[in-house]
Amino acid sequence: RIARRRGWIWDLDEAVETRIEAAFKDAAMSDSLSRITSGDDAWKEIVPGLGFKLHPYQELGSLFLARKGRALLADEMGLGKTLQAVVATLLLRRLAGVHKVLVVCPASLKHQWRREIEKACGERAEVVEGPRTARLRTYGKWNAGFLILNYELILRDLELVRAAAAD
């Protein structure tokens, strides 16, 4: 059915059909995100409410992250990577429906990330820690917002993290 609709001359398995539809949807979203600017309504709605002014390089970093949807931002310590990630996340929430954000960082920085998120946008971020049963409860009740865990827990809880289905 999909093949005929697209003018192709072969039949597709239903799983392939589903993947093709997802790829077209992803491409459309990527195209939409690639056009985000600091002059957009979403930007004007989010950034002034943060209560501080972004430096020009922080604006560029935030836009880079939001435009890519998923990316790695690497910079010197103290230049505001956390803030850029939060701004990008808020843009993605507004423009792409991203509600569940997974933050993976060194264990020593988990609580600092939580404080920075709360300070930047007023949202409570959940830190994953404790024994496996406590972590399982944390993953299970996560339905929106920021979830913060460290690298070692990703390895230990990989199936639980996947099941939690971050956006």
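A single member of Ser30, Ser34 is over 25 Å from Glu126 (Cα atoms) and surrounded by 13 or more Cβ atoms within 10 Å (Cβ to Cβ), and it is Ser30.
Against the definition (within 17 Å of Ile46 (Cβ to Cβ), outside any loop (DSSP other than H, G, I, E, B) and free of Cβ contacts under 8 Å to residues at least 60 places away in the same chain), how does Lys110 come out, yes or no? Against the criterion (within 17 Å of Ile46 (Cβ to Cβ), outside any loop (DSSP other than H, G, I, E, B) and free of Cβ contacts under 8 Å to residues at least 60 places away in the same chain), Lys110 does not qualify. Ala66 meets the stated requirement of being part of a helix (DSSP H, G or I), out of contact with any strand residue (DSSP E or B) (no Cβ under 8 Å at 6 or more places or on another chain), of a type in the set (Gly, Ala, Ser) and under 19 Å from Cys121 (Cβ atoms). Of the residues making up region 52-73, at least one is touching a Ser or Thr at 6+ places or on another chain (Cβ under 7 Å), of a type in the set (Lys, Arg), modelled with pLDDT of 90 or more and open to solvent by 50 Å² or more (accessible area, probe 1.4 Å).
Filtering region 74-104 to residues that are open to solvent by less than 50 Å² (accessible area, probe 1.4 Å), in contact with a helix residue (DSSP H, G or I) (Cβ under 8 Å, 6 or more places away or on another chain) and not β-branched (Val, Ile, Thr) leaves Gly80, Leu83, Gln84, Ala85, Ala88, Leu90, Leu91, Leu92, Ala96, Lys100.
The values are calculated or read from the model by the stated rules, or taken from the named source; none is laboratory data. Keep in mind it's a predicted model, so treat the numbers as computed, not measured. Backbone-built Cβ (ideal geometry, glycine too); neighbour counts: all protein chains shown. Note: accessible area is taken over every heavy atom of the protein model, side chains too, but ligands, DNA and RNA are not part of it. Shrake-Rupley method; radii C 1.70, N 1.55, O 1.52, S 1.80 Å.
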